[in-house]
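First up is the structure itself, then whatever we jot down about it.
The values are calculated or read from the model by the stated rules, or taken from the named source; none is laboratory data. All values derive from a computational prediction rather than experimental measurement. All Cβ positions, glycine included, derive from the backbone under ideal geometry; neighbour counts span all protein chains shown. Ligands, DNA and RNA are excluded from the accessible area calculation, which covers all protein heavy atoms including side chains. Shrake-Rupley method; radii C 1.70, N 1.55, O 1.52, S 1.80 Å.
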Amino acid sequence: MSIGTFAFITIALFMVHEFEEIILVRRYIEKYSSDNRYHDEIFIAGQDHYPSTAAIAAMIGEEFIVACLILFSGVIFDSIETVTAIFIAYILHLILHIREAFIFTGWAPGSRTAVFTMPLNAITLYAIFATQHIDYLKLVILTVVLSAVVLINLQLLYRLSGKIEPFIQMIAYYMVSRASIVRQLAPADLIDLC
């Protein structure tokens, strides 16, 4: 398989996992935030970083762009080590979710897809090592560096989460306002706008 194929598999598996988080995080926080047994669970402990589903989606969208840029650079520079390093960082992220599933009763957001996609991740990682020539020193360095980049980016998103929500609300208000103005215009007025 080509580097591009591995990059595509990486981002596809990442997004399957992230969609589960987008859909379930707020509901999970609302259900378990008052239960002291869940006090240390990652989403409950960091619930202030997840003000709404829209804010979570915006933050994950930004993570998606960062991951795509990293993977794209790996493809452009023909660096299987770059693609593999971000894939390893993603797998480490999933391991944390699987750990959460064992520690806390029930399924935390992201833990289902972490468990169900882990065999696919293992097969993909095996395929990379079996079919590609890897510079292992470069891989270790890139794994550490890119993992740090992703973690720093996530921390930055957490710090900005309080500002993301009002920004989203402002955009939503603007979009709804524009839509209602357009609906009120006569067809002739719409032609004039064009």
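Only a single criterion out of (1) within 20 Å of Ser161 (Cβ to Cβ); (2) open to solvent by less than 50 Å² (accessible area, probe 1.4 Å); (3) among the acidic types (Asp, Glu) is not satisfied by Asp40, namely (2). Taking each residue of region 91-106 that is over 27 Å from Leu146 (Cβ atoms) and looking for partners that are assigned to a helix (DSSP H, G or I) with beta-carbon atoms closer than 7 Å, six or more apart or interchain, yields Phe104/Tyr38. Considered as a group, the residues in region 99-116 that are under 12 Å from Glu41 (Cα atoms) and of a type in the set (A, V, I, L, M) include one that is surrounded by the most Cβ atoms within 10 Å (Cβ to Cβ), and that residue is Ala108. Note on region 128-137: residues that are open to solvent by less than 90 Å² (accessible area, probe 1.4 Å) and not β-branched (Val, Ile, Thr) total 4. Number of residues in region 53-69 that are open to solvent by less than 20 Å² (accessible area, probe 1.4 Å) and either within 30 Å of Lys138 (Cα to Cα) or part of a loop (DSSP other than H, G, I, E, B) (or both): the value is 3.
When you look at Val83, is it of a type in the set (Val, Ile, Thr) and open to solvent by less than 20 Å² (accessible area, probe 1.4 Å), yes or no? Write out each step before concluding.
On the way: of a type in the set (Val, Ile, Thr): yes; open to solvent by less than 20 Å² (accessible area, probe 1.4 Å): yes.
Judged against the criteria, Val83 is a match.
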